[in-house]
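Undergrad: Take this structure, written in structure tokens, and hold onto it; I'll ask about it next.
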Amino acid sequence: MNQSAATYLGNIKDTVQSFWHGMSITLSYLLRRPTTIQYPDRTPLPVRDTLPPRYRGFLEVDADICTGCQACERACPIGCIQINLEKDAANPKQRVVTQFDIDEAKCMFCGLCVEPCPTGAIQHTREFEASQRSVRNLTFRWADPLKPFPVYKVAKGAEYFPRAPLGSLVRAKIEARRWDAPPPEFLPPEAPKPPAAKAPPPAAPVAKPSAAAAPAAPAPKPAAAAPVPEAKPAELLKAAAETAAPAAAPAAPAAPSPAPAAEAPVPTTPEVKP
Amino acid sequence: MSALPTPAPARAKTPRLAAAVSIAAAVGLPVGLFALILFIVPVLQPDLLDAFIRERLHHDPATWAWRDAVYAVALVVLAFVFANFAAIFSGILSWWERRVAGRIQSRIGPNRAGVGGFLVWIADAVKLLLKEDLVPADADRILFRAAPYFVMAGFILTFVVLPFGESIAVTDMNVGLFYITSITALVVVGILLSGWSSNSKWALFGGMRSAAQVVSYEIPAGLAIMIPVLMAGTLSMQGIIRAQGGLPWQWFMFRNPAAFVTFFIFFTSQLAEANRTPFDLPEAESELVAGYLSEYSGFRFALFFLAEWGNLWVMAAMAVTIFLGGWQIPFVPNELYGQLKGIGFPPLAWWGLQAASMAIFAVKTIFLVNVIVWIRWTLPRIRVDQMMSLCWKYLVPVSFACFLFTLLWQIAVAAVPALETAMGLGLTAAAVVLAVLFARQTHRNIAAVGDRIDLSNW
Ligand code: SF4
Ligand code: SF4
């Protein structure tokens with residue numbers, strides 16, 4: 001390769017010059033204030049307040065306007081939403097949501113569940129800081145199985161649904177939880193069997209928690225459906241049974257606490273009565 | 001739990017204890033180490049040891065059979081002190097480099113463990129020591145395990161002749177410079193061994209690149225070292241420093257225009273020999289995972305990095321010794337040390353001078369270490385062909401030219417001694433002008449974007 005003296009010397013000059021400029025540039029940055037802000041404890045604002053409004057953070061469900069349609073549950077490609085509906089013992093025409101769990105640990109924040117929601121009950125918030133020592137504690141329970149909430153009836157032609165301020169509900173939940181709270185305990189894998197044997201007897205007399213009883217064994221499904229044919233459309237019931245099944249089979253990641261889950265009928269009854 | 005329970009005043013304070021511990025460590029460790037070295041190195045020299053044997057143990061050191069045992073104990077103590085100096089220096093430097101890198105990249109860098117994140121290097125060390133020490137299944141187990149010790153030995157043995165002050169060097173070999181150049185070759189052996197024995201293509205590439213690089217750059221480095229040797233007429237580290245003076249125009253770097261150029265050649269070659277960016281081809285993360293140490297983990301991995309960061313001190317101390325006047329204190333003639341010392345345990349004034357010379361040496365060395373860190377975060381890694389052409393087409397010919405020039409220059413200086421002083425003054429002035437220009441350029445860079453110098457938020 002031919003190289004003239006001019007290129008040779010030019011290369012040396014380039015090297016010296018690039019050292020000169022490069023080093024002065026890096027030194028000038030060394031002497032300036034860093035542009036990054038130290039997260040999390042030196043930020044001028046909580047980071048969530050600096051996020052754009054359409055940020056897809058943790059999901060929040062406003063139980064007051066949830067119609068219990070389960071559209072979000074069906075939309076979720078991962079299956080991290082788990083909804084159970086039952087009839088109110090006091091008022092058979094009123095359906096109540098006994099379980100509405102969202103596993104934020106599985107959620108990929110795709111927003112597919114938000115779109116089909118008829119009332120905007122399920123929404124993304126700008127909350128994202130809720131690390132937990134136990135990943136199971138990232139399941140957010142929007143329905144209390146002991147105090148199920150009644151489904152919302154959409155008034156004809158309604159276009160506005162009064163919603164709690166976005167983010168307030170999920171923030172309350174996050175703040176109420178210690179980061180190192182112990183995870184919920186699950187039954188050992190065999191445990192669902194005994195309740196399966198036990199379930200039909202209570203299911204028949206109480207004639208209500210069919211969905212909870214159904215998952216235990218596929219066989220009693222028709223039996224469970226039988227007691228409540230008059231109030232529940234069959235396909236809805238079946239959907240409820242199907243959705244309940246995965247929850248109960250792998251020892252219920254969404255179960256409130258194993259004991260009530262296994263004998264769901266027992267605790268719900270006293271709660272619904274008042 | 002929300003990490004941000006309340007908005008603005010959520011600034012968490014470093015707990016008092018952690019702050020106290022980190023400040024104590026940041027100040028106490030270096031000061032304590034330097035004080036220890038200052039005290040222990042002159043005291044454990046043969047003459048004082050002999051005096052100790054004569055006066056305390058009441059034996060004649062010339063004939064007593066256990067004299068060598070006392071010497072051996074002294075050497076073990078010295079080796080322990082210097083190994084710890086190297087380890088702690090490289091640990092603190094690893095923190096400092098991350099902080100500087102952060103600032104240069106407009107980040108903050110580690111700042112969680114202790115004040116300014118100072119304790120992070122201790123956390124790193126503990127973490128690395130607790131990791132499993134894996135040996136790959138197909139590796140050559142013996143060589144794989146031995147390789148870090150070669151690197152470590154090649155690095156730590158340089159402390160035998162590295163000076164810290166007038167009398168603060170473990171020993172002053174008359175072939176000190178030659179000893180350093182040859183002992184650092186052990187590092188290449190270690191790198192090649194680790195690359196070969198890992199039985200991984202990345203490690204092998206890294207080892208090969210390293211060998212090619214170090215062997216090539218030995219030549220300009222060796223030639224560059226010859227220039228101060230020619231000017232001082234000795235290979236001894238202390239002898240070279242004694243031939244210089246405390247003021248900048250008495251340093252070799254400024255006394256000879258060829259030495260001025262050679263300083264940069266030497267510095268560049270040292271960077272390349274230490275595999276330091278921009279010459280970190282042997283461990284190019286983007287191409288070779290981590291190069292020759294890809295397969296290492298735990299303690300052995302830590303050894304490699306200890307040697308790598310510790311090498312910065314060695315490189316800088318070498319450059320300071322042979323080009324920048326070493327520990328010379330301005331206006332203190334070499335004879336004064338000898339006059340003050342007297343016989344037996346030296347007086348306090350002598351210790352004061354030693355401490356001052358050590359401080360000067362340390363300040364210069366730490367300045368150069370910072371320059372090396374600064375270069376690392378300025379320049380990108382060069383390609384293999386660029387690395388080779390830089391060495392063979394630029395550094396080697398130029399250092400040959402400098403070598404020849406120095407030969408003639410020494411003849412000229414012997415005839416006209418004022419030439420050296422004039423050149424020293426002239427080059428020092430030129431260096432000052434360059435520094436001022438550089439500062440102005442930096443200031444302009446800052447002002448050009450409407451920013452200002454702000455050293456808060458460290
Ligand atoms: S955001 Fe996506 S992944 Fe998360 S619950 Fe909704 S549909 Fe499922
Ligand atoms: S959150 Fe919306 S989509 Fe989901 S069940 Fe309630 S109303 Fe239906």
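The values are calculated or read from the model by the stated rules, or taken from the named source; none is laboratory data. What you are looking at is a predicted structure, and each value in this text was computed from that prediction instead of being measured. Don't worry about glycine lacking a Cβ; one is built from the backbone with ideal geometry, like all the others, and counts go over all protein chains shown. With ligands, DNA and RNA removed, areas are computed over all heavy atoms of the protein, side chains included. Shrake-Rupley method; radii C 1.70, N 1.55, O 1.52, S 1.80 Å.
Undergrad: Give the residues of region A:44-70 that are open to solvent by 20 Å² or more (accessible area, probe 1.4 Å) and either within 12 Å of ligand 1 (Cβ to nearest atom) or part of a helix (DSSP H, G or I) (or both), sorted by residue number.
TA: A:Val47, A:Asp49, A:Thr50, A:Arg56, A:Ala63, A:Asp64
Undergrad: Can you tell me which condition A:Ile37 does not meet? The list is (1) within 16 Å of ligand 2 (Cβ to nearest atom); (2) part of a loop (DSSP other than H, G, I, E, B); (3) surrounded by fewer than 16 Cβ atoms within 10 Å (Cβ to Cβ), and all the others hold.
TA: Of everything listed in (1) within 16 Å of ligand 2 (Cβ to nearest atom); (2) part of a loop (DSSP other than H, G, I, E, B); (3) surrounded by fewer than 16 Cβ atoms within 10 Å (Cβ to Cβ), A:Ile37 misses just condition (1).
Undergrad: Same structure again: Would you check which residues across region B:128-183 are closer than 23 Å to B:Ile40 by Cα, surrounded by fewer than 18 Cβ atoms within 10 Å (Cβ to Cβ) and among the β-branched types (Val, Ile, Thr) and list them?
TA: Within region B:128-183, B:Thr171 is the sole residue that qualifies.
Undergrad: Are any residues in region A:120-179 on the phi > 0 side of the Ramachandran plot and either within 16 Å of ligand 1 (Cβ to nearest atom) or at pLDDT 85 or above (or both), and if so, which ones?
TA: A:Gly120, A:Gly167
Undergrad: Among the residues of region B:245-292, write down those that are assigned to a helix (DSSP H, G or I) and under 13 Å from B:Arg209 (Cα atoms).
TA: Within region B:245-292, B:Ala272, B:Glu273, B:Leu281, B:Pro282, B:Glu283, B:Glu287, B:Leu288, B:Gly291, B:Tyr292 qualify.
Undergrad: Give all pairs with beta carbons closer than 9 Å in which a residue from region B:412-439 that is free of Cβ contacts under 8 Å to residues at least 60 places away in the same chain meets a residue that is of a type in the set (Ser, Thr, Tyr); count only pairs at least 6 apart in sequence or on separate chains.
TA: So the pair list comes out as B:Phe438/A:Ser24; B:Ala439/A:Ser24.
Undergrad: Then there is this: Could you tell me which numbered condition A:Ser24 fails, if it satisfies all but one of (1) open to solvent by less than 20 Å² (accessible area, probe 1.4 Å); (2) within 16 Å of ligand 1 (Cβ to nearest atom)?
TA: Only one criterion in (1) open to solvent by less than 20 Å² (accessible area, probe 1.4 Å); (2) within 16 Å of ligand 1 (Cβ to nearest atom) is unmet by A:Ser24, namely (2).
Undergrad: Assess whether B:Val363 counts as being in a helix (DSSP H, G or I) and under 25 Å from the mean Cα position of the chain (by Cα).
TA: When the stated conditions are applied, B:Val363 passes them.
Undergrad: Would you confirm whether any residue within region B:68-76 is open to solvent by less than 40 Å² (accessible area, probe 1.4 Å), at pLDDT below 85 and at positive phi?
TA: No, there is no match, as no residue in region B:68-76 is open to solvent by less than 40 Å² (accessible area, probe 1.4 Å), at pLDDT below 85 and at positive phi.
Undergrad: Give the residues of region A:115-145 that are in a loop (DSSP other than H, G, I, E, B) and within 12 Å of ligand 2 (Cβ to nearest atom), sorted by residue number.
TA: Result: A:Glu115, A:Pro116, A:Cys117, A:Pro118, A:Thr119, A:Gly120, A:Ala121, A:Trp142, A:Ala143.
Undergrad: Would you mind stating whether B:Pro9 is touching a helix residue (DSSP H, G or I) at 6+ places or on another chain (Cβ under 8 Å), modelled with pLDDT under 80 and either farther than 26 Å from B:Val115 by Cβ or open to solvent by 60 Å² or more (accessible area, probe 1.4 Å) (or both)?
TA: no
Undergrad: Please enumerate the residues belonging to region B:80-110 that are open to solvent by 20 Å² or more (accessible area, probe 1.4 Å), touching a residue at least 40 places away in the same chain (Cβ under 8 Å) and either assigned to a helix (DSSP H, G or I) or touching a Gly at 6+ places or on another chain (Cβ under 6 Å) (or both).
TA: B:Ala83, B:Asn84, B:Ala87, B:Ile88, B:Phe89, B:Ile92, B:Trp96
Undergrad: Evaluate the following for B:Gly310: is it modelled with pLDDT under 85 and either within 28 Å of B:Asp385 (Cβ to Cβ) or small (Gly, Ala, Ser) (or both)?
TA: For B:Gly310, the condition - modelled with pLDDT under 85 and either within 28 Å of B:Asp385 (Cβ to Cβ) or small (Gly, Ala, Ser) (or both) - is not met.
Undergrad: Of all residues in region A:85-114, how many are touching a helix residue (DSSP H, G or I) at 6+ places or on another chain (Cβ under 8 Å), within 14 Å of ligand 2 (Cβ to nearest atom) and open to solvent by 20 Å² or more (accessible area, probe 1.4 Å)?
TA: Counting residues in region A:85-114 that are touching a helix residue (DSSP H, G or I) at 6+ places or on another chain (Cβ under 8 Å), within 14 Å of ligand 2 (Cβ to nearest atom) and open to solvent by 20 Å² or more (accessible area, probe 1.4 Å) gives 2.
Undergrad: Among the residues that make up region B:377-384, is at least one of them within 13 Å of another protein chain (Cβ to nearest Cβ), surrounded by 15 or more Cβ atoms within 10 Å (Cβ to Cβ), of a type in the set (S, T, N, Q) and not in a helix (DSSP H, G or I)?
TA: Within region B:377-384 (the criterion being within 13 Å of another protein chain (Cβ to nearest Cβ), surrounded by 15 or more Cβ atoms within 10 Å (Cβ to Cβ), of a type in the set (S, T, N, Q) and not in a helix (DSSP H, G or I)), the answer is yes, since at least one residue qualifies.
Undergrad: So which residues in region A:79-114 are within 11 Å of ligand 1 (Cβ to nearest atom) and either of a type in the set (Lys, Arg) or over 11 Å from the mean Cα position of the chain (by Cα) (or both), if there are any at all?
TA: Passing the criteria: A:Lys106, A:Cys110, A:Gly111, A:Leu112, A:Val114.
Undergrad: Checking the conditions here, which among B:Leu427, B:Leu408, B:Leu455 is more than 9 Å from every other protein chain (Cβ to nearest Cβ) and either modelled with pLDDT under 85 or open to solvent by 50 Å² or more (accessible area, probe 1.4 Å) (or both)?
TA: Just a single option satisfies the conditions, and that option is B:Leu408.
Undergrad: Sort through A:Ala130, A:Ala105, A:Ala90, A:Ala121 and tell me the only one that's within 14 Å of another protein chain (Cβ to nearest Cβ) and not polar (S, T, N, Q).
TA: Exactly one residue qualifies, and that residue is A:Ala130.
Undergrad: Also: Filtering region A:71-84 down to residues that are of a type in the set (A, V, I, L, M) and surrounded by fewer than 20 Cβ atoms within 10 Å (Cβ to Cβ), which residue is nearest to ligand 2 (Cβ to nearest atom)?
TA: A:Ala71
Undergrad: Somewhere in region B:214-229, is a residue at pLDDT 85 or above, within 19 Å of B:Ala83 (Cβ to Cβ) and within 18 Å of the chain's Cα centre (by Cα)?
TA: So far as region B:214-229 goes, no, none of its residues is at pLDDT 85 or above, within 19 Å of B:Ala83 (Cβ to Cβ) and within 18 Å of the chain's Cα centre (by Cα).
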